[in-house]
Amino acid sequence: MSERNLSPAMATAERLRKRHNAEKRFKLYGQIALGIAIGFLALLLGSIASRATTAFSRHMVEITLERPDLAETSNITVSGVNGAVRDRLLEQFPEAQTERTARSDVFSITTRLAVIPLRDRLRANPEIAQDPIVARLALSDDLDLYLKNEIRRHRSEPLGPAGRLSQTEIGLFRLTAAGPDGFIAFQDRIQALGEDRQDILISLSGAWFEFEAVSGAVLILSHLAGPLPELGEQSNAQISATHLNSRSADRRISNRQIGIVLHLLERGQISRRFNGSLFTSADSTYPELAGAAAALIGSLFTMLVTALLALPVGIMAAVYLEEFAKKSRMTRAIEVNINNLAAVPSIIFGLLGAAVFLNTLGLPRSVPLVGGLVLGLLVLPTIIIAFRAALRAVPPSVRDAALGLGASQSQAVFHHVLPLATPGILTGAIIAMARALGETAPLLLIGMVAFISDIPASPNDESTVLPVLIYKWFSGAERAWEPMTAAVIVILLTVLVAMNLVAVLLRRRFERRW
């Protein structure tokens, strides 16, 4: 029935019902939009956090050094300490001494530069080299990812007790089961896989072998790592098969390296520890040794220069335009240009910085001083707009009361208006600094993407910043850079959230309602 056929009261009630339904629909649309936004945000943060989790820990291999030549100060170098580490590894894996490929697999479980912390410790305390030293070295990035199940997951299954171990003429080993039907089921599974069979490692009495073939109750194996058991009867020692779920041709680590790592794990020489170097070390070409300390300190120096430039200039400009400048075409033109500058792409400020600060003024490249100047110009329009809004939020009655009591205009502004606008000014300043902290494009144009291996000590030292480090690590070819990049993103987001939280707390602490 149309509203024309309704009584006035019923028509009014029908219109009221439609209006209420429209309000409910609008509220529902808003809730759906908010839910979608929160869902995407949670998905983004969850994805980053899940990738970053593994980067906050790393696997360390423990090697006991007893080399007397470490007591010589002249031998406490990267090469000297690394040579001592390699000698100990060859002593632990003597089967690799005669084969070049095997030696390379043993040496590559840790990188050459992983001994730098130990070298620094020995240089600081040369007397400790007289006693056995437990060196904890970072495992290579690929092996670290393998143990974190980042590359492939492997699974193990028991094969029962061993029988007899013998060696063939070509250097392979024959291992029989204790019972006549010990490997039948295993053989059936291998034959069912056919060409899809992945690499398999066999463990026996602490030694690791690569599975070659199976025939009835006999396994054909090649030795990889660990002390080789004595040939003959194995006293029913338990056999286990480790399915790597991949082939050596499809990964960067060999079966021998995996066997070495699994052997060290069984001996308790590999442990997973908190990755403190992520916060204490500078950048490195090796992901397992790289840290964000240089970028973090560089970001702090850059923000310091940005604050020293943008905040005083922004406050003075906002106070003048809002309180003292006469309304004229000039001031209106200035206000329009400030608003336009706030919308200019950040890369334009990078071009300005490269042209003025680097080419014209001859300032050094890739230093926080230049980066802070560029970011200061970038956020200056935003700061002026925010500061003017904070001054405008102070009621005119405050100014009128101060002037009515005989205060000059400057006294009214600096003694009354400015203190009352402080919460808004602080909030605008922190939000503007947070924006500057997350900028990347302008800093790329002034050279702050350089490789920095030392932590900067002043704004004039070469440095980089967290967003640029994220860009640099994300473009790395090795897979280990992916979780490292996510970890730096978490650090950057934590700093940004902390800055915004401080802004909210300051506003609530000092805010006055009029």
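The values are calculated or read from the model by the stated rules, or taken from the named source; none is laboratory data. For clarity, every value in this text was computed on a predicted model and none was experimentally measured. For neighbour counting, all protein chains shown are included, and Cβ atoms are generated from backbone atoms with ideal geometry for every residue, glycine included.
Details
- Here Leu444 meets each of (1) buried (at least 22 other Cβ atoms within 10 Å of the Cβ); (2) over 30 Å from Tyr320 (Cβ atoms) with one exception, condition (1).
- Among the residues of the stretch 227-248, those that are hydrophobic (A, V, I, L, M, F, W, C), in contact with an Asp or Glu (Cβ under 9 Å, 6 or more places away or on another chain) and part of a loop (DSSP other than H, G, I, E, B) comprise Leu228, Leu244.
- The residue that is surrounded by the fewest Cβ atoms within 10 Å (Cβ to Cβ), counting only those in the stretch 286-332 that are over 26 Å from Met433 (Cα atoms) and in contact (Cβ under 8 Å) with a residue 60 or more places away in the chain, is Phe324.
- Residue selected from the stretch 91-112 under the condition surrounded by fewer than 15 Cβ atoms within 10 Å (Cβ to Cβ) and part of a helix (DSSP H, G or I), by the criterion nearest to the chain's Cα centre (by Cα): Ser104
- Residue that is modelled with the highest pLDDT [pool: residues in the stretch 255-285 that are buried (at least 20 other Cβ atoms within 10 Å of the Cβ) and in a loop (DSSP other than H, G, I, E, B)]: Asn275
- Some residue of the stretch 144-157 being at pLDDT 90 or above, of a type in the set (A, V, I, L, M, F, W, C) and over 18 Å from Leu201 (Cα atoms): no
- Set side by side, the residues Val367, Val356, Val379, Val374 differ, and just one is without any contact (Cβ under 8 Å) to a residue 60 or more places away in the chain and within 23 Å of Val468 (Cβ to Cβ), which is Val356.
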